[in-house]
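Note sheet for the following structure.
Each value in this text was obtained by applying a stated rule to the coordinates, not by laboratory testing. In this text, all values refer to a predicted model and were calculated from it rather than measured experimentally. No Cβ is skipped: glycine too gets one built from the backbone with ideal geometry, and neighbour counts run over all protein chains shown.
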Amino acid sequence: MKVSSGKRGDVVRADCFVEVINRPGSPNKIVLKSKVKALFGKSIEELVQKMLAFYEINGVEVLVEDSGALPFALAARIEKAFQKYSRSSKQFVFDMLPENQYTIPGNRYRRSRLYIPGNNPKMMVNAGIYGSDAIILDLEDSVSPEKKEEARILVRNALCQIDFKGAERMVRINQLPAGLTDLEYIVPYNVHTVLIPKCELPEQVIQVAEKIQQISAGNNSVYLMPIIESALGVEKAYQIATASPSIVALAIGLEDYTADLGVQRTTQATESFYARSRIVNAARAAGIQPIDSVFSDFENGEKVLNAAHESKAMGFAGMGCIHPVQVEWVNRGFSPSGKEIEKAQKIVLAFEKAQKEGRAVVAIGSKMVDPPVVKRALKTVNDALVFGLIEKEWRSLYEN
Amino acid sequence: MKTKLIQNAAGRWVPEIVNGRQTIPFKGVGKYKPTAKKYAPAISSCADFPADGNKLVSSLKVALVKAGLADGMTISTHHHFRNGDLIANQVFDIAKELGVKNLVWFPSASFPCHEHLIPYLEDGTIHHVEGSMNGPLGRFASEGKMKGMAVLRSHGGRYQAIQDGEVKIDIAVIAAPTADFFGNATGDRGDAACGLLGFALADSQYAEKVIVATDNLVPFPCVPWQIQGNYVDYVVQVEKIGIPEKIVSGTTRITKSPDRLYIARLTAEFCNATGLIYDGFSFQVGAGGTSLSIGLYFQDILRKTGRKARFIRAGSNKYAVKMLEEGLTDYILDGQTFDLEGVRSMRENANHVNTSPFTSYNYHGKGNFAQLVDVVILGATEVDLNFNANVVTHSDGYMLHGIGGWQNCLFSKCVILPVPLFRDRIPVVVDEVTTLCGPGELIDVIVTERGIAINPKRIDLIEKAKRTNLPVRTIRELKEEAEKICGQPEKPTLTDKIIGVVKWVDGTVIDSIKQVKT
């Protein structure tokens with residue numbers, strides 16, 4: 001009998017391949033081929049020993065072909081191979097890093113969300129350094145069907161062991177019912193937000209919410225973000241958006257949506273204008289954030305920036321990033337510009353002055369400013385503060 | 001016999017005797033200044049050479065025999081064709097055929113294509129290599145299989161060693177893309193054009209015998225001449241001297257790695273925010289993917305601010321050429337061309353100037369160009385808490401890279417090493433480098449994807465960086481983060497046998513390399 005998990009080959013980096021071979025009657029043997037053997041050989045063998053004991057496996061040869069995997073990835077690959085060998089569903093879980101135990105408010109800004117393939121440990125390690133507001137560990141489209149189980153374990157280990165530097169910790173689960181099993185691997189490990197793909201009916205959201213409730217024994221603080229990716233989903237947008245109080249945002253996925261319509265996705269995006277408007281309106285009506293699809297060009301930063309500007313102008317609160325280089329541009333596109341901030345600051349100062357003087361009417365010079373304009377200016381200044389674009393003491397620049 | 005070790009000024013233990021010769025341990029940066037006269041080869045007389053100037057002989061073998069190829073000689077070749085070199089291997093095929101033993105190979109650099117020479121190292125045709133040991137040759141030597149010790153020098157250090165007589169070249173074989181029968185030769189034209197022949201300059205002047213091999217013989221005169229025929233003994237016409245496509249190595253493409261792009265962006269932002277990129281500044285970036293991306297970010301900054309560089313020191317490639325042609329720099333001072341665009345530009349553009357290790361790097365010159373460069377971007381396999389850096393060995397002890405011009409570039413005004421904090425699981429910022437190649441006092445800034453560490457000696461840069469949003473951290477913080485992610489590495493198992501030494505730019509020994517236990 002022989003079982004395996006993980007990845008091998010010349011192009012594989014920071015990952016490993018684990019094979020367990022039945023050797024009845026012999027003591028356990030570990031064969032380690034690793035390009036970091038001189039530096040980490042002992043610690044890798046210790047990990048294998050510890051996990052052999054955990055899974056109570058005897059009489060095997062364990063082959064580890066390691067291309068420089070970090071411990072969270074090594075353990076994930078070993079766990080899957082050992083689970084297969086011992087037909088066990090026991091989980092070998094690392095402690096949670098203390099810095100991974102933060103919470104975030106449901107209405108936190110979500111300008112950029114960076115997709116990280118759920119079975120790619122190398123890309124996970126540095127996911128937090130690019131400054132995206134959220135990181136999505138993706139179990140759905142970026143993981144091939146035969147790797148789904150391995151990816152669940154890897155994503156769980158990443159949630160425990162990788163510091164995402166304060167980003168919102170998101171996981172995109174598989175379509176139901178597989179997605180419900182995914183939840184068992186992520187809900188206990190401080191996932192902030194679960195993305196539900198290809199959502200077409202409010203019942204799907206309810207199923208996810210109930211499963212989370214069950215796993216967390218009623219102690220549920222996981223947010224939901226359904227993704228609408230079909231014509232039917234668009235028609236049901238408002239019902240989906242209001243299906244659960246845990247929903248904080250509603251997203252649209254345009255690759256699948258345009259496929260559903262039978263049209264090409266274009267840069268002008270006229271084919272999806274209706275759907276995107278509908279999502280924006282449904283989300284705002286439900287009091288949650290509308291979130292735009294991903295933009296596929298990552299070679300040209302200016303194009304990403306334009307797309308983000310247009311998306312923001314339509315009413316979206318953020319969009320997806322398929323490559324880390326997009327993050328900077330998307331964040332910029334969804335942040336207020338220097339001119340907008342300056343204008344807003346002047347309005348806020350005039351508003352504060354009027355309040356102090358007990359006047360109901362806000363005016364700049366001889367020009368009156370309407371209340372909704374004041375409201376928007378307050379939000380702009382607040383956003384600029386949150387995104388670190390202005391100093392806390394910005395008012396001092398306008399004194400004298 | 002066990003080699004006696006002495007501790008040098010950097011605290012490293014180095015052998016007193018290397019390949020039978022007494023050496024001088026490293027004394028500190030700028031401390032060692034030899035006072036003797038420079039070395040010179042034997043006097044030659046025109047009367048000994050063909051009256052009609054025709055120095056053609058029928059084959060490389062005939063030339064080597066005429067040059068007196070014999071046991072124990074030092075033979076030099078050059079790396080203008082990088083991994084596309086076809087001459088060095090042929091030279092030693094001939095030596096083997098003639099039964100010559102114990103040669104010293106003195107290349108300006110070696111490449112994976114020279115794996116062909118390993119059987120000659122095994123059978124005693126070649127005793128040892130003095131020069132960079134890339135890939136397979138480095139692995140061979142690291143495992144203690146080479147008879148003599150490897151001697152690693154920088155490009156400038158190679159010139160220094162030739163000039164002060166530390167290395168006496170018996171026969172230099174210069175592969176030339178174009179030459180005439182007199183021996184005038186150039187690298188900027190011909191089917192195998194590789195740019196320039198600067199690395200062969202010292203060899204042409206100081207070797208006892210000089211052979212020029214070419215596959216493009218032109219009628220006298222070969223103009224321009226980068227190598228002067230007056231230094232040349234024999235000229236050989238061969239079918240093919242090199243594969244020009246292979247002078248482009250894999251490292252001359254822009255990186256696609258998001259981490260490296262991020263490091264490149266951070267480096268460029270640092271340079272911009274601390275005022276290093278001023279109108280009329282100069283810079284040098286290496287050939288690695290990250291360095292090339294930094295060059296692109298520099299271009300953006302120059303375009304946006306309307307500034308231009310006075311000169312780029314290169315390693316030229318299509319990106320540098322574009323800057324020259326777009327007017328973003330006045331000159332390229334080129335030491336080696338990394339792609340065919342660089343070759344074309346050097347041939348066509350008078351402001352794309354060919355230089356040599358003498359002008360750029362040599363310690364025995366009266367100054368050199370590398371010192372004048374404002375910002376230099378270099379790589380490293382390891383950096384330690386004292387900002388010391390390693391470029392020749394990996395953390396597992398294997399010697400896998402040459403020094404190139406790296407040590408010489410440390411003398412420019414601001415030295416920046418953009419490096420990943422860890423490679424897969426191997427930390428790059430460490431307690432102490434495995435092999436010391438560059439003293440920390442010459443290294444100013446380390447840029448990683450998780451923060452920038454500035455050498456405490458550079459108070460000016462620290463003050464400037466404070467006024468920015470740049471993620472400045474201490475080198476110790478970076479090291480601790482690397483270990484937190486990767487784990488604390490074990491020490492590699494090495495034997496006591498010294499398999500190689502690293503020379504400093506002045507010819508002293510800065511560190512030694514031990515055999516890896518296999």
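Rounded to the nearest 500, what is chain B's calculated 222 nm mean residue ellipticity when only DSSP H runs of at least 4 contribute -39500 (n - 2.57) each, over all residues?
Details: 14 runs with 127 residues, N = 518.
Taking each H run of at least 4 residues, the total per residue is -7000 deg cm²/dmol.
Ignore the peptide's own chain and count Cβ atoms of other chains within 10 Å of each Cβ in B:491-503; give me the average, rounded.
Values: counts 2, 3, 2, 1, 0, 0, 0, 0, 0, 0, 0, 0, 0.
For peptide B:491-503, the averaged partner shielding equals 1.
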Report summary line: Rounded to the nearest 10, the angle in degrees between the Cα long axis of helix B:475-486 and the longest principal axis of the Cα atoms of chain B comes to 90 degrees
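Pairs A:K122/A:K236; A:K37/A:K148; A:K148/B:K517; B:K61/B:K246; A:K211/B:K256: which are spaced more than 31 Å apart, C-alpha to C-alpha?
Checking Cα-Cα distances, A:K122/A:K236; A:K148/B:K517; A:K211/B:K256 exceed 31 Å.
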Query raised in the report: Just how far, in whole angstrom, is the range B:424-445 from the range A:117-182 if you go by their alpha carbon centroids?
Result: 33 Å
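Let's see if you can work this out: charge +1 on each Lys and Arg Cβ, -1 on each Asp and Glu Cβ, no other charges. What is the dipole magnitude of the range B:439-518 about its Cα centre, in debye to the nearest 20?
Values: 15 positive and 13 negative charges, 16 e Å.
About 80 debye.
Using Cα pairs closer than 8 Å and at least 6 residues apart in sequence, work out the relative contact order for the range A:98-333, in percent.
Values: 473 pairs, mean separation 45.3, N = 236.
In percent, rounded to a whole number, it is 19.
Would you work out if the range A:139-232 is rounded, prolate or oblate? Take a ≥ b ≥ c from the square roots of the eigenvalues of the alpha-carbon gyration tensor; rounded if a/c is under 1.5, else prolate when a/b is larger than b/c, oblate otherwise. Write down the numbers at each step before the final one.
Numbers: a/c = 1.55, a/b = 1.20, b/c = 1.30.
It is oblate, given that a/c is not under 1.5 and a/b is not larger than b/c.
Please express the shape of the protein assembly as shown as an equivalent ellipsoid: the semi-axes are the square roots of 5 times the eigenvalues of the C-alpha gyration tensor, given largest first in whole angstrom. Please list the in-between numbers first.
On the way: eigenvalues 667, 245, 127 Å².
Semi-axes, largest first: 58, 35, 25 Å.
Take every Cα pair under 8 Å in chain A that's 6+ residues apart, average their separations, divide by the length, and report that relative contact order as a whole percent. Don't skip to the answer; put the middle values down first.
On the way: 734 pairs, mean separation 44.4, N = 400.
Normalised by residue count, the contact order of chain A is 11 percent.
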Query raised in the report: Can you list the GluC sites (Glu not before Pro) in the range B:194-300 that are in a DSSP coil and have 14 or fewer other beta carbons within 10 angstrom?
Result: B:E239
**Report entry** For the range B:284-294, Karplus couplings with θ = phi - 60° (6.51, -1.76, 1.60), whole Hz, Gly/Pro x
**Finding:** 9, 10, x, 9, x, x, 5, 4, 4, 5, 4
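When only DSSP loop residues count, what chymotrypsin sites (Phe, Trp or Tyr not before Pro) in the range B:184-282 have their Cβ near at most 12 other Cβ atoms within 10 Å?
Working: sites: B:F199, B:Y206, B:W225, B:Y231, B:Y234, B:Y262, B:F270, B:Y278, B:F281; in loops: B:W225, B:Y278, B:F281.
Answer in residue order: B:Y278.
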Query raised in the report: Which is the longest run of chain A containing none of the GluC sites (Glu not before Pro) found in DSSP loop states (not H, G, I, E, B) with at most 12 other C-beta atoms within 10 Å?
Result: A:57-298
Query - Fully extended contour minus Cα-Cα distance, from B:S58 to B:L372, at 0.36 nm per residue - result: 108.5 nm
Report task. Under 20 Å Cα to Cα from B:K304, which lysines show up? Leave out anything in the same chain fewer than 8 places away. Result -> A:K303, A:K339, B:K322
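What is the extension gain from A:Q101 to A:I322, computed as 0.36 nm multiplied by their sequence separation minus the C-alpha to C-alpha distance, in nm to one decimal? Intermediate values should be presented prior to the final figure.
Working: separation 221, 0.36 × 221 = 79.56 nm, distance 2.59 nm.
Computed gain between A:Q101 and A:I322 is 77.0 nm.
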Report summary line: So for R0 = 22 Å, FRET eff. of A:K2-A:F94 from the Cβ-Cβ r, to 0.05, ends up at 0.20
Report task. Post the alpha-carbon centroid distance, the range B:254-297 to the range B:318-342, in whole angstrom. Result -> 16 Å
Report task. Please list, in chain and number order, the residues 5+ apart from B:I499 or on another chain whose amide H is under 5 Å from its amide H, with Hs placed from the backbone. Result -> B:I513, B:K514, B:Q515
Query raised in the report: A:E310 to A:Y398: FRET efficiency via 1/(1 + (r/R0)^6), r the Cβ-Cβ distance, R0 30 Å, to the nearest 0.05?
Result: 0.40
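Over 20 Å between Cα atoms, which of B:K457/B:K514; A:K29/A:K84; A:K29/A:K50; A:K346/B:K466; B:K101/B:K168 qualify? All intermediate terms of the calculation are to be shown ahead of the outcome.
Numbers: B:K457/B:K514 32 Å; A:K29/A:K84 18 Å; A:K29/A:K50 13 Å; A:K346/B:K466 29 Å; B:K101/B:K168 17 Å.
Over 20 Å Cα-Cα: B:K457/B:K514; A:K346/B:K466.
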Query raised in the report: In the protein assembly as shown, with Lys and Arg counted as +1 and Asp and Glu as -1 at Cβ, which of these residues, B:W504, B:G295, A:Q268, has the Cα nearest the positive end of the dipole, that is, farthest along it?
Result: B:W504
Query raised in the report: Amide H to amide H, which residues 5 or more places from B:V429 or on other chains are under 5 Å from it, using H placed in the peptide plane?
Result: B:V383
**Report entry** Tilt relative to chain B, helix B:258-273 - C-alpha long axis, 0 to 90 degrees, to 10
**Finding:** 80 degrees
Query - Calculated from backbone phi, Karplus (6.51, -1.76, 1.60) coupling profile of the range A:117-128 in Hz, x at Gly/Pro - result: x, x, 10, 10, x, 4, 6, 6, 4, 9, 4, x
Query raised in the report: So if we plug the beta-carbon distance of B:K240 and B:D123 into 1/(1 + (r/R0)^6) with R0 = 25 Å, what FRET efficiency do we get, rounded to 0.05?
Result: 0.40
Requested in this report: For B:W504, list long-range residues whose amide hydrogen, built 1.01 Å from N in the peptide plane, is under 5 Å from its own amide hydrogen.
Outcome: B:V509, B:I510
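For chain B, what does the alpha-carbon gyration tensor say about shape, rounded, prolate or oblate, given a ≥ b ≥ c as the root eigenvalues, a/c under 1.5 as rounded, and a/b over b/c as prolate? Kindly include the intermediate steps, with their values, before the conclusion.
Details: a/c = 1.92, a/b = 1.30, b/c = 1.48.
Oblate, since a/c reaches 1.5 and b/c is not below a/b.
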Requested in this report: Place a +1 charge on the Cβ of each Lys and Arg in the protein assembly as shown and a -1 charge on the Cβ of each Asp and Glu, then give the dipole magnitude about the Cα centre in debye, rounded to the nearest 20.
Outcome: 1520 debye
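If you count, for every residue in B:259-271, the Cβ atoms of partner chains within 10 Å of its Cβ, what is the mean?
Working: counts 7, 0, 4, 8, 1, 0, 2, 1, 0, 0, 0, 0, 0.
Across the residues of B:259-271, the mean count of other-chain Cβ atoms within 10 Å is 2.
State whether the range A:75-223 is rounded, prolate or oblate according to the following rule on the C-alpha gyration tensor (a ≥ b ≥ c being the square roots of its eigenvalues): a/c under 1.5 gives rounded; otherwise a/b larger than b/c gives prolate, and the remaining case gives oblate. Could the numbers behind the result be given before it?
Values: a/c = 1.40, a/b = 1.11, b/c = 1.26.
In terms of gyration-tensor shape, rounded.
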Query - At most 14 other Cβ within 10 Å, DSSP loop - trypsin sites (Lys or Arg not before Pro), the range B:437-515 - result: B:K457, B:R467
Query raised in the report: Roughly how many nanometres apart are two label points built 7 Å out from the Cα toward the Cβ at A:E299 and B:Q228?
Result: 4.9 nm
Query raised in the report: In nm, to one decimal, how far is the modelled label at B:S44 from the one at A:E357, with both set 7 Å along Cα→Cβ?
Result: 9.3 nm
Query raised in the report: Excluding same-chain residues fewer than 8 positions from B:K497, which aspartates and glutamates have a Cα within less than 17 Å of its Cα?
Result: B:E16, B:E143, B:D396, B:D511
Report task. Could you run the Karplus curve 6.51 cos²θ - 1.76 cosθ + 1.60 with θ = phi - 60° over the range B:115-125 and give me ³J(HN,Hα) per residue in whole Hz, x for Gly and Pro? Result -> 4, 3, 7, 4, x, 6, 6, 6, 8, x, 4
Report task. Quick one: net charge around A:I129, please, counting Lys, Arg +1 and Asp, Glu -1 for every other residue with C-beta under 9 Å from its C-beta. Result -> 0
Query - Dipole-positive endmost among A:L349, A:P372, A:G388 within the range A:338-398 (Cβ charges, Cα centre) - result: A:P372
Report task. Using a 10 angstrom cutoff on alpha carbons, build the Gaussian network for chain A and name the most mobile of A:A53, A:A69, A:A243. Result -> A:A53
